[in-house]
Amino acid sequence: MTKPRTLLAAISVSLLASTSAFAGDVRIMWYSDGVEGDVIQDLLNRFMKDNPDIHVTLDNVAYKVIQEQLPIQLEAGQGPDIARVTNIKELAQHWLDLRPLVADPKYWDDNFGDTLDWMRPDGSKAITGFMTQLTLTGGFANKTLFEQAGVALPGDKATWDDWINAAAQVAKSQQLPAAFAIDRSGHRISGANVSYGANYIGADGKPAKVDDGTKAFVGKLVDWTAKGLMLKDTWVSAAGSTYRAAADDFINAQIPFYYSGSWQVANLSTKIGDSFDWVATGSPCGTAGCSGVKGGAALVAIKYTKNPKDVAKVMDYLASENIVKEFSERTLFLPAHMGVVAKGGLKWGSADKNVGPALDTFVKAAGETLPAADALPPWKWSNAYFAALVTRVSQVMAGELTLDAAWAKIDQDIADKVAEAK
Amino acid sequence: MSAAATLKTWAGAALAAPVIWLASIVNVPLKSWQRATGTGGMAAFFLAPNMAIFGIFVLVPLVINFFYSATSGTAYFLQDRNFVGLEQYQRLLDCSNYLDTATCREDLFWKAVHNTGLFVVVQVALMTVVSIATALILNREIVGRSFWRAVFFFPVLLSPVVTGLIWRWILQRQGLLNLIVHDLGGEPYNWLTDRFWAFTAAVSVSVWAHMGFYTLILLAGLQAIPRDLYEAAEMDGTRPARVFWRITLPLLMPNLLVVIVLALIRAVQIFDEVYVLTGGGPGTSTLYLTQYIYEIGFASLLRNPGLASAASILMGLVLVVLTLLQLQVGRRGERKGARQ
């Protein structure tokens, strides 16, 4: 009688004491902007049906959890087995190298090779994950409002000035609160800065001081805000580097021109419906080009996983060509898989007539990005630069700083961040 | 004894039996403990669970925070951080003119300090005046007094986030207030992007949200003032204003001091409702100390846990002073009460 009791007690204690995952358990921390949570769950259900020995749990969390809590979990050597993240370079030391674990590393190199550097430490050849979506910053115009105002949509090589002037005419004619808005994000204005000749990266790979390109566009932006052409709410009504999107103002037809990015296509399609016609415009031009900034969300394996082989199996499945294609078609996200892009023929899962042309515009605009913009996604200091820009530029817009003082503060903020990271 | 009474006694005994059994089990070690340590030991025994919780969730984090403030780096684990001594404090306090935030190394910290100072002065003054006025009205024999007391207390029960959201929906550009302004033929205004109105909204909303609590304290004080003093004043034909200044206010002073000190402490800690309402904007005009610490410690892409810890310790020192003041006020009130 004593032996079974002792055995039972030992099993109970070990079960209670154990925090490690069971073999075959894979946890994914996932956030959603639109319908992608449902789509990935559906795809995972199929995977589990074919692989009954692996159980995948999808934890849908708020984006804030990914941004604020996941880094702390990772520092503690904990966290999920796989996560969908946007802060992919800065946290790269926590990602698992899947190269020895995936079925065919060459497949990964061939199809995700141009974005693998975005999610691994500098100089590393690791395969840590793949981009679930490739994004590109770009604009959207309310075609119906332009038509009602009798203002022609600016053409392909229209400059920022052309777009703002045209949108201002529409706003005046249709009695709108403002001509345009840009999301409150350093990432969003960086394409425009680069289009005016900005380069954030110094010769040593460290952040360069704010240059004339950035000064040129930010100066215009501040001026447009002071004149009431840019919607003041988005940038001015918050402090620090808080992210604020202006999508709702575009959806509610409060602004004729909105600069955000390709990830908004599904959101706009769902919420605008047939209320008005809208088009994607790509990025307006500056003096150096017409560039947006690429980016996106990556699905990465976490190196603290207890089940690396199972994680690699899940990653292999989700990165396979058919699954990437289906995921992109159903979520309206641009795929990062080079094979899928090269073959083309994506059947976007939307009956909205605005969606297909909008996504095509973004695909076309992806070929027009400038090298200084392409260098930003895999650059370690991008987020520091973006955050400093937002914090200080919004202070200038609120009348708290002069532009000259803001340049000095931006340089100081970034230098502090670099020094802190040593 | 009636059958009902007998049944009641049996039921009572049945319910008490397990408790008595449990007590008899606990009694043995407790008695031994008391014999070994005396009554002081018993006090320690009963305080131990509470002290353990306090230690784990308050004292230990406080000590860890001190260590964080003496380190630099972006890592969260102490062993991965570099010891820098008082460097973070020096950085925060590096200012050629404390009244001009532009001359400070950490200008946002000082901006938050200035904003918090102004907020505390205006909010506490307004809170005190409004709470006294409300308590005086609710102390009178008005129709539906209980209903009005509940109405004024209700916002205290709301979550600060809910409070912030409600007022944001009212005050935003396309909010309820502008709808009313528009319907009355006025020009809608962007209240939350105007520095003056954003500050006014932050102060007003926090007063609205918390005044019910302070009103309750003052109401208790008002009800403790002997009625015969007012009757005597009435017989002497004293004017109501004189009654207020000479009778009500002096006798309400102990409660009023408690209200002022509590409101001061709470105002220094202001965060949630204002964060939801204004996000610290426009610019940084409603950026307060707690939001600065939260942003720099966790939320910002420029996050710096060491600097956030140092800032929180400086803020903690201010709160310690205010708490000591509160204790002093409380003791003085007790002594005065004892003398009376």
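The values are calculated or read from the model by the stated rules, or taken from the named source; none is laboratory data. The shown structure was predicted, so the numbers you read here are calculated from the model rather than taken from an experiment. Neighbour counts run over all protein chains shown; Cβ positions are idealised from the backbone, glycine included.
Just a yes or no: is a residue in segment B:178-190 crowded, with 18+ Cβ neighbours inside 10 Å and either within 14 Å of another protein chain (Cβ to nearest Cβ) or without any contact (Cβ under 8 Å) to a residue 24 or more places away in the chain (or both)? Can you show your working first?
Within segment B:178-190, the first condition is being crowded, with 18+ Cβ neighbours inside 10 Å, and the residues that meet it are B:178, B:190.
Imposing the further condition that a residue be either within 14 Å of another protein chain (Cβ to nearest Cβ) or without any contact (Cβ under 8 Å) to a residue 24 or more places away in the chain (or both) reduces the set to B:178, B:190.
Within segment B:178-190 (the criterion being crowded, with 18+ Cβ neighbours inside 10 Å and either within 14 Å of another protein chain (Cβ to nearest Cβ) or without any contact (Cβ under 8 Å) to a residue 24 or more places away in the chain (or both)), the answer is yes, since at least one residue qualifies.
Taking the stated definitions as given, is B:Tyr288 at pLDDT 95 or above and not aliphatic (A, V, I, L, M)? Step through it out loud before you land on a result.
Details: at pLDDT 95 or above: yes; not aliphatic (A, V, I, L, M): yes.
Criteria met by B:Tyr288.
Among A:Ala103, A:Ala126, A:Ala83, A:Ala76, which is under 22 Å from A:Lys306 (Cβ atoms), exposed (fewer than 15 other Cβ atoms within 10 Å of the Cβ), modelled with pLDDT of 90 or more and outside the structural domain of A:Leu376 (by TED's automatic domain parsing)? Show your work before the answer.
Numbers: A:Ala126 fails: exposed (fewer than 15 other Cβ atoms within 10 Å of the Cβ); A:Ala83 fails: exposed (fewer than 15 other Cβ atoms within 10 Å of the Cβ); A:Ala76 fails: modelled with pLDDT of 90 or more.
Exactly one residue qualifies, and that residue is A:Ala103.
Within segment A:168-182, count every residue that is surrounded by 16 or more Cβ atoms within 10 Å (Cβ to Cβ) and assigned to a loop (DSSP other than H, G, I, E, B).
The number of residues fulfilling the criteria is 4.
This table checks each residue for (1) among the aliphatic types (A, V, I, L, M); (2) touching an Asp or Glu at 6+ places or on another chain (Cβ under 7 Å); (3) over 30 Å from B:Leu108 (Cβ atoms).
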position	(1), (2), (3)
A:Pro335	no, no, yes
A:Ala358	yes, no, yes
A:Pro371	no, no, yes
A:Pro377	no, no, no
A:Phe386	no, no, no
A:Asp411	no, no, no
A:Glu420	no, no, no
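If you take the residues in segment A:391-422 that are more than 22 Å from B:Arg91 (Cβ to Cβ) and at the interface with chain B (Cβ under 9 Å from one of its Cβ atoms), which one is surrounded by the most Cβ atoms within 10 Å (Cβ to Cβ)? Steps first, please.
Of all residues in segment A:391-422, those more than 22 Å from B:Arg91 (Cβ to Cβ) come to A:393-394, A:396-399, A:402-404.
Filter once more, keeping what is at the interface with chain B (Cβ under 9 Å from one of its Cβ atoms): A:394, A:396-399.
Values: A:Ser394: 29, A:Val396: 25, A:Met397: 25, A:Ala398: 24, A:Gly399: 13.
Taking the candidates together, the pick is A:Ser394.
Residues that are of a type in the set (Gly, Ala, Ser) and more than 14 Å from chain A (Cβ to nearest Cβ), at least 2 per element: which helices (runs of 4 or more DSSP H) completely within segment B:239-340 meet that? Reasoning before the result, please.
Working: elements: B:240-243, B:249-268, B:272-278, B:289-294, B:305-339.
Correct list: B:249-268, B:305-339.
Only one residue in B:Thr37, B:Thr101 is more than 24 Å from A:Glu75 (Cα to Cα), over 21 Å from the mean Cα position of the chain (by Cα) and surrounded by fewer than 16 Cβ atoms within 10 Å (Cβ to Cβ), so which one is that?
Numbers: B:Thr101 fails: surrounded by fewer than 16 Cβ atoms within 10 Å (Cβ to Cβ).
So the residue among B:Thr37, B:Thr101 that is more than 24 Å from A:Glu75 (Cα to Cα), over 21 Å from the mean Cα position of the chain (by Cα) and surrounded by fewer than 16 Cβ atoms within 10 Å (Cβ to Cβ) is B:Thr37.
Tell me, please, whether a residue that is assigned by TED's automatic domain parsing to the domain that holds B:Gly283, of a type in the set (Val, Ile, Thr) and either under 23 Å from the mean Cα position of the chain (by Cα) or part of a helix (DSSP H, G or I) (or both) can be found in segment B:143-152.
Yes, there is a match, as at least one residue in segment B:143-152 is assigned by TED's automatic domain parsing to the domain that holds B:Gly283, of a type in the set (Val, Ile, Thr) and either under 23 Å from the mean Cα position of the chain (by Cα) or part of a helix (DSSP H, G or I) (or both).
Is it the case, given these coordinates, that B:Ala233 is under 30 Å from A:Lys232 (Cα atoms), surrounded by fewer than 22 Cβ atoms within 10 Å (Cβ to Cβ) and not β-branched (Val, Ile, Thr)?
It is false that B:Ala233 is under 30 Å from A:Lys232 (Cα atoms), surrounded by fewer than 22 Cβ atoms within 10 Å (Cβ to Cβ) and not β-branched (Val, Ile, Thr).
Any idea which of (1) within 14 Å of chain B (Cβ to nearest Cβ); (2) closer than 28 Å to A:Trp379 by Cβ; (3) hydroxyl-bearing (Ser, Thr, Tyr) is the one A:Ser262 doesn't satisfy?
(1)
Output the number of the condition that A:Asp249 fails; it satisfies all remaining conditions of (1) within 14 Å of another protein chain (Cβ to nearest Cβ); (2) within 26 Å of B:Asp107 (Cα to Cα).
(2) is the only condition that A:Asp249 fails.
For segment A:304-331, what are the residues that are under 22 Å from the mean Cα position of the chain (by Cα) and assigned to a helix (DSSP H, G or I)? Before the answer, list the steps.
We begin by selecting, within segment A:304-331, every residue under 22 Å from the mean Cα position of the chain (by Cα); these are A:315, A:318-321, A:323-331.
A:Met315, A:Leu318, A:Glu321, A:Ile323, A:Val324, A:Lys325, A:Glu326, A:Phe327, A:Ser328, A:Glu329, A:Arg330, A:Thr331 - these are the residues of segment A:304-331 that are under 22 Å from the mean Cα position of the chain (by Cα) and assigned to a helix (DSSP H, G or I).
Mind checking which helices (runs of 4 or more DSSP H) fall wholly inside segment A:183-240 and carry at least 3 residues that are modelled with pLDDT of 95 or more and either more than 14 Å from every other protein chain (Cβ to nearest Cβ) or surrounded by fewer than 19 Cβ atoms within 10 Å (Cβ to Cβ) (or both)? Talk me through it step by step, then tell me what you get.
Numbers: elements: A:186-195, A:212-226, A:232-236.
The helices (runs of 4 or more DSSP H) meeting that bar are A:186-195, A:212-226.
Residue check: is B:Leu218 more than 15 Å from the chain's Cα centre (by Cα) and either buried (at least 22 other Cβ atoms within 10 Å of the Cβ) or within 14 Å of chain A (Cβ to nearest Cβ) (or both)? Spell out the reasoning first.
Numbers: more than 15 Å from the chain's Cα centre (by Cα): yes; either buried (at least 22 other Cβ atoms within 10 Å of the Cβ) or within 14 Å of chain A (Cβ to nearest Cβ) (or both): yes.
Criteria met by B:Leu218.
Find all pairs meeting these conditions: Cβ atoms under 9 angstrom apart; at least six residues apart or on different chains; first residue within segment A:114-143 and closer than 30 Å to A:Ala158 by Cα; second residue of a type in the set (Lys, Arg).
A:Thr115/A:Lys294; A:Leu134/A:Lys294; A:Thr135/A:Lys294; A:Leu136/A:Lys294; A:Thr137/A:Arg188; A:Thr137/A:Lys294
For the condition in contact with a strand residue (DSSP E or B) (Cβ under 7 Å, 6 or more places away or on another chain), of a type in the set (Val, Ile, Thr) and assigned to a helix (DSSP H, G or I), what is the one hit in A:Thr137, A:Thr132, A:Thr115? First the steps, then the outcome.
Working: A:Thr137 fails: assigned to a helix (DSSP H, G or I); A:Thr132 fails: assigned to a helix (DSSP H, G or I).
Testing whether each residue is in contact with a strand residue (DSSP E or B) (Cβ under 7 Å, 6 or more places away or on another chain), of a type in the set (Val, Ile, Thr) and assigned to a helix (DSSP H, G or I) leaves just A:Thr115.
Can you say whether B:Asn27 is touching a strand residue (DSSP E or B) at 6+ places or on another chain (Cβ under 7 Å), surrounded by 10 or more Cβ atoms within 10 Å (Cβ to Cβ) and at pLDDT below 90, as far as the supplied structure shows? Walk me through it before giving the result.
On the way: touching a strand residue (DSSP E or B) at 6+ places or on another chain (Cβ under 7 Å): no; surrounded by 10 or more Cβ atoms within 10 Å (Cβ to Cβ): yes; at pLDDT below 90: yes.
Against the criterion (touching a strand residue (DSSP E or B) at 6+ places or on another chain (Cβ under 7 Å), surrounded by 10 or more Cβ atoms within 10 Å (Cβ to Cβ) and at pLDDT below 90), B:Asn27 does not qualify.
Kindly indicate which of A:Asp122, A:Asp162, A:Asp97, A:Asp156 is assigned to a helix (DSSP H, G or I) and not small (Gly, Ala, Ser).
Going through A:Asp122, A:Asp162, A:Asp97, A:Asp156 in turn, just one is assigned to a helix (DSSP H, G or I) and not small (Gly, Ala, Ser): A:Asp162.
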